[in-house]
Amino acid sequence: MRDFATAAPPFDAAFLHDPYPVYRRLRAAGPVLWRDDVFQGAWLLTRHADVELALRDPRFSSQRTAGWVKRIPGVDASFAGRRAQAGLDAFQRLFGSAMAFLDGEDHQRVRKAMAAGFHPTLVRTLRADVERLTDELLDGLDARAGFDFIAAVARPLPSRVIGLMLGVDRADEARFMAWSDDLAAFVGALQPTSDQLRAAQRSLLQMVRYFDELLPARRRQPGTDLVSRLLAAEAAGEIEPDGELLAQCAMLLFAGHETTRNLLGNGLYTLLGHPDAWARLRADEDGVTLAVRELLRYDSPVQYTGRRVAADLELHGAMLKRGDLVLAMIGAANRDPDRFTDPDMFDIGRRAGSHLSFGSGPHVCIGAGLALLEADVVLRAVLRRWPGLAMTDAAPRWNGIAGLRGLAALPVSAS
């Protein structure tokens, strides 16, 4: 493996602030690279064609949680004792039961059960609700005094939208976001710590407990929400009861919030940092739809995703062994010059090439349409209200999460 190791730059604080110079050097170093310093050893794919291959080819498996968690440094000491190990085992089972970590027939079965809730026709009917929720948040802001766009809009809005779809109480919003933060820090770390694992385990189990308490009432009085749809799928034998059902509920709450939050924050930050693009959208609001797709390519909320090698294979001369971890570096693939002309240029009129920010193949993001809708609604609303909006901090804080890139804060104001 180490024949394909690289002396590439470290994944340090500079990388977390701006990963794209590192990606350029990784792509130049070779198409398949081994790194010891991520997930206790992994292959990195940074070119668009190879990343897409890993996302589409069944030789790269999504069933990758078994073993990964227990190889985290310090986990043995942190989870000593029968009770701690039982909690860790429960965490692994729930994590591994989520649709994102299933393959083949199991994945198809669960995805089919969930797909109706994200059908394009249904998502389009949500536009009025998303506009209402956006207006509620924006109405309470004083742009002259300034506000933090992440805290005021990007963080709460996706939580309220997915909460509405799941049929959960908005009064629990703060808990949802805190649980999501813990899972994001764990899922998005290149080398998770035992402390991050503990926090993620605690939050996932609390999310599951929340839905476990909700399900009896929803069984008695089903509605049209996603939880009721999943219960109907359970009754039809399409989703297994208990763990598998609860895992889908919990991960929907997490995934529906975290990535869209970062799309909104990264998107506004990029637009305000490119005044010509902001001016073009002020003059032609209908350009927002195409601009959102370029925002996803230019600075993807999801920077990488993992796969396990299902059977030994050779790729560009490197021998990948069954069970090896592969990181498909989406952020790097979206800036591949072999796929995109002037890839480091932000161009809201770009049409050529296809970004991989929503994945590709069987696991393409089931909520992509919803994320696009939320970004479209929010950016149009901000443009209309505050065409003169500007950042009040030229170097806002990033969240420091390598895999789920986003801003911790984005202070803005408008005169």
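Brief remarks follow.
- The criterion of being within 23 Å of ALA13 (Cβ to Cβ) and surrounded by fewer than 18 Cβ atoms within 10 Å (Cβ to Cβ) holds for ALA151.
- Single match in ASP338, ASP376 (criterion: surrounded by fewer than 15 Cβ atoms within 10 Å (Cβ to Cβ) and acidic (Asp, Glu)): ASP338
- Unmet criterion (only one of (1) under 22 Å from VAL412 (Cα atoms); (2) out of contact with any Lys or Arg (no Cβ under 6 Å at 6 or more places or on another chain)) for GLU285: (2)
- Count of segment 342-353 residues which are at negative phi, at pLDDT below 95 and surrounded by fewer than 18 Cβ atoms within 10 Å (Cβ to Cβ): 3
- Tallying residues that are outside any helix (DSSP H, G or I) and either crowded, with 17+ Cβ neighbours inside 10 Å or not small (Gly, Ala, Ser) (or both) within segment 31-68 yields 26.
- Screening segment 177-225 for residues that are among the β-branched types (Val, Ile, Thr) and assigned to a loop (DSSP other than H, G, I, E, B) and picking the one that is surrounded by the fewest Cβ atoms within 10 Å (Cβ to Cβ) gives THR224.
- Near pairs, Cβ below 6 angstrom, 6+ apart or cross-chain, from segment 15-39 (without any contact (Cβ under 8 Å) to a residue 60 or more places away in the chain) to any residue that is assigned to a loop (DSSP other than H, G, I, E, B) and hydroxyl-bearing (Ser, Thr, Tyr): ALA29/THR6; LEU33/THR6
- Residues (of a type in the set (Lys, Arg) and either in contact (Cβ under 8 Å) with a residue 24 or more places away in the chain or touching a strand residue (DSSP E or B) at 6+ places or on another chain (Cβ under 8 Å) (or both)) located in segment 91-142: ARG93, ARG109, ARG111, LYS112, ARG124, ARG127
- Of the strands (runs of 3 or more DSSP E) lying entirely inside segment 250-334, those containing at least 3 residues that are crowded, with 20+ Cβ neighbours inside 10 Å are 305-309, 325-328.
The values are calculated or read from the model by the stated rules, or taken from the named source; none is laboratory data. Just so we're clear, the structure is a prediction, and the values are computed from it rather than from any experiment. Please note: Cβ atoms are built from the backbone with ideal geometry, for glycine as well, and neighbour counts cover all protein chains shown.
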